[in-house]
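The values are calculated or read from the model by the stated rules, or taken from the named source; none is laboratory data. As the structure is a computational prediction, the values presented were derived from the model and not from experiment. Positions of Cβ are backbone-derived with ideal geometry, glycine not excepted, and every protein chain shown enters the neighbour counts.
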Amino acid sequence: MTAEETADILVIGFGAAGAAAAITAHDLGAKVILLEKAVAGGGSTEASGGNIRQIRDVEGAIRHFCTLADQGTPEDVVVAQVHGLTLLPEWLLELGAHFRGTDAPVPLGLPSGESAGGSTFGQSAFPDVEDSEALGGRLQLAGTPNSSGGEALWQFLESVVKARKIPVRHGAGAKRLLRDHQSGRIVGVEVSGGSRPQMIDARLGVILACGGFNWAPEMHVDLFGTVLPALTPPHRNSGDGIRMAQEVGAQLWHMSAIAARFGYQFPEYEAAFKSTPPSNGFFYVDQLGRRFVDETGVIFHAAGRIMLERDPYTGKLVRCPSFMVFDETTRLSGPIGPQPNGHNRTYDWSSDNHVEIDRGWIHRASTIAELAAWIGVPAPELERTASRYNAARLSGSDDCRRSPQKMEPVEKPPFYAVPLWPCLLNTQGGPRRNARAEVLDVHGEPIPGLYSAGELGSMWGQLYPGAGNIGEALVTGQIAARSAWESDGL
Ligand SMILES: Cc1cc2nc3c(=O)[nH]c(=O)nc-3n(C[C@H](O)[C@H](O)[C@H](O)COP(=O)(O)OP(=O)(O)OC[C@H]3O[C@@H](n4cnc5c(N)ncnc54)[C@H](O)[C@@H]3O)c2cc1C
């Protein structure tokens, strides 16, 4: 079959990484075509919080990220990322972005936890790991009124792509990479989505920017032992980039690394909901009725690692699902699931949770023992757990080391429970890439003509610092485009 179109650089996936790659390649002078499998771009990026990590101290940040990656991500990859992050605000400003709170360029050396955008939550998710203070706060773009951070970022990136008239083929899923058999070079893709498969040639390179595998159940079972719910748009990031890269001999990395937070899944909605309790009057129990974590102190991206722990005797995933238990005071104090972002962000959670109780999402019972029967955990154990929790709040000595300041009573009937899952923000695994965003084969050699960017084959390992994926998507998108542009082609 002969190609029906030719680009210099073909970008697969129209999220943050694909947009950054396409904009950079276009501005270098390349003829770019963007392929997007869904009817609209945005992917996980639009559903995200849109927070971009700031760097205060370059050397410290490099050390911190290398430590978090267990030294498993080569230092030059981390160096390229950190340098890219320091230049990112300026790049965005040059493209016409406005940051939330201020338009000022972001200098290095901001006080820890601050960002030029005025959003001052958090530094590294691991403040106790050395050099964490080298990371600054998180930067967000300003968008239309009431837009979430992810929506604002996406509105901006899409507008920049549109202004450049970069062709975007919506509803065009890349299926297979085309390879020149003599040189081994990747020279295009086969696309599905229309009435018949289509071939598109890429003179300089193909950039895979088609996200992770939040919606690939068979990969979840293989890697995690169960299918994980996801907070992202259903069925978009289904591991296509992994399969395409594998077919041409790519090495995979970070496949078991995920960022997942505590959340809910309900039959009427394919995507999951974040758990956002309104007060500190709640605790989590596993299927045996036992608490297992400091619920208010745990790093929220780490829910996957904590909840995928198996019972050592039965081998069962007894924390999947777990249950969030709370009382009438907490129920009346506010909604337990408003969604600031995520695919279900337009769902209007009732202010006292009564709609979600009526829907059967939240179980109600007049006693703890009755609640235990509803959710299928042993009643004596759940009663013991509830009394220990309430006693620990008063004594200040909690088995799970939760601070007494962050424990409010769970003692006023009726009592409530909602199943709790580790819900995927994103996966990190995929084809391994080097500092030039070239995809590497199983021997560590670049596969000519093939690049990757963003969540697909992310540099992050088991410990995710938070606000790391969007910055990585934007930086690696730019790097991949530059590398492809500088390559010789066929
Ligand atoms: C609720 C939530 C909050 C988050 N908050 C943050 C945050 O604040 N900061 C942060 O750094 N990270 C955050 N993340 C993670 C972050 O959003 C993602 O990791 C990041 O946006 C990924 O960008 P990407 O461009 O690699 O992929 P995506 O934005 O997912 O784009 C990939 C695109 O590729 C398309 N695609 C898939 N397969 C194909 C194919 N075969 N052919 C063509 N197109 C294809 C998809 O439809 C999609 O549009 C959050 C995630 C969630 C869910």
Positions within region 2-46 being within 6 Å of the ligand (Cβ to nearest atom) and either assigned to a strand (DSSP E or B) or outside the structural domain of residue 154 (by TED's automatic domain parsing) (or both), in sequence order: 12, 35, 36
Pairs where the first residue, in region 238-249, is of a type in the set (Ser, Thr, Tyr) and the second is more than 10 Å from the ligand (Cβ to nearest atom), C-beta under 6 Å, 6+ apart: 238/216
Yes/no for residue 478 being over 16 Å from residue 75 (Cα atoms), assigned by TED's automatic domain parsing to the domain that holds residue 92, in contact with an Asp or Glu (Cβ under 9 Å, 6 or more places away or on another chain) and in contact (Cβ under 8 Å) with a residue 60 or more places away in the chain: no
Residue identified as under 18 Å from the mean Cα position of the chain (by Cα), among the polar types (S, T, N, Q) and modelled with pLDDT of 95 or more among 67, 45, 73: 45
Residue that is farthest from the ligand (Cβ to nearest atom), among those in region 163-197 that are surrounded by 19 or more Cβ atoms within 10 Å (Cβ to Cβ) and of a type in the set (Lys, Arg): 185
Among the residues listed as 240, 222, the single one being of a type in the set (D, E, K, R) and touching a Cys at 6+ places or on another chain (Cβ under 6 Å): 240
Test: residue in region 242-254 that is closer than 23 Å to residue 150 by Cβ, in the same structural domain as residue 356 (by TED's automatic domain parsing), within 16 Å of the ligand (Cβ to nearest atom) and surrounded by 21 or more Cβ atoms within 10 Å (Cβ to Cβ): no
Residue check for residue 90: within 16 Å of the ligand (Cβ to nearest atom), in a helix (DSSP H, G or I) and among the acidic types (Asp, Glu): no
Members of region 73-104 that are aliphatic (A, V, I, L, M) and farther than 14 Å from residue 58 by Cα: 92, 93, 95, 97, 104
Condition broken by residue 224, with the remaining ones in (1) within 30 Å of residue 320 (Cβ to Cβ); (2) surrounded by 23 or more Cβ atoms within 10 Å (Cβ to Cβ) satisfied: (2)
Qualifying positions in region 203-239 - assigned by TED's automatic domain parsing to the domain that holds residue 14, within 14 Å of the ligand (Cβ to nearest atom) and assigned to a strand (DSSP E or B): 206, 207, 208
Residue within region 394-401 that is surrounded by fewer than 21 Cβ atoms within 10 Å (Cβ to Cβ), in contact with a Ser or Thr (Cβ under 7 Å, 6 or more places away or on another chain) and in contact (Cβ under 8 Å) with a residue 12 or more places away in the chain present: no
Matching entry among 345, 331, 319, 359 (being farther than 22 Å from residue 231 by Cα and out of contact with any Lys or Arg (no Cβ under 8 Å at 6 or more places or on another chain)): 331
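Got a number for residues in region 198-221 being in contact (Cβ under 8 Å) with a residue 60 or more places away in the chain and surrounded by fewer than 18 Cβ atoms within 10 Å (Cβ to Cβ)?
Looking only at that region, the number is 1.
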Residue check for residue 200: hydrophobic (A, V, I, L, M, F, W, C), within 15 Å of the ligand (Cβ to nearest atom) and either within 22 Å of the chain's Cα centre (by Cα) or part of a helix (DSSP H, G or I) (or both): no
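Results for (1) in contact with a Gly (Cβ under 7 Å, 6 or more places away or on another chain); (2) outside the structural domain of residue 353 (by TED's automatic domain parsing); (3) not charged (D, E, K, R), shown as yes or no for each residue.
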position	(1), (2), (3)
289	no, no, yes
292	no, no, yes
298	no, no, yes
303	no, no, yes
309	no, no, no
316	no, no, no
321	no, no, yes
324	no, no, yes
330	yes, no, yes
Count - residues of region 148-164 that are farther than 18 Å from residue 93 by Cβ, in contact with a helix residue (DSSP H, G or I) (Cβ under 9 Å, 6 or more places away or on another chain) and without any contact (Cβ under 8 Å) to a residue 24 or more places away in the chain: 0
Pairs where the first residue, in region 253-264, is assigned to a strand (DSSP E or B) and the second is away from the ligand (no atom under 13 Å from the Cβ) and of a type in the set (A, V, I, L, M), C-beta under 7 Å, 6+ apart: 262/420; 264/418; 264/420
Sole residue being touching a residue at least 40 places away in the same chain (Cβ under 8 Å) and among the charged types (D, E, K, R), chosen from 445, 408: 408
Filter result for residue 158 (in contact with a Pro (Cβ under 7 Å, 6 or more places away or on another chain), under 24 Å from residue 33 (Cβ atoms) and within 14 Å of the ligand (Cβ to nearest atom)): no
Residue selected from region 47-86 under the condition in a loop (DSSP other than H, G, I, E, B) and of a type in the set (Ser, Thr, Tyr), by the criterion farthest from the ligand (Cβ to nearest atom): 73
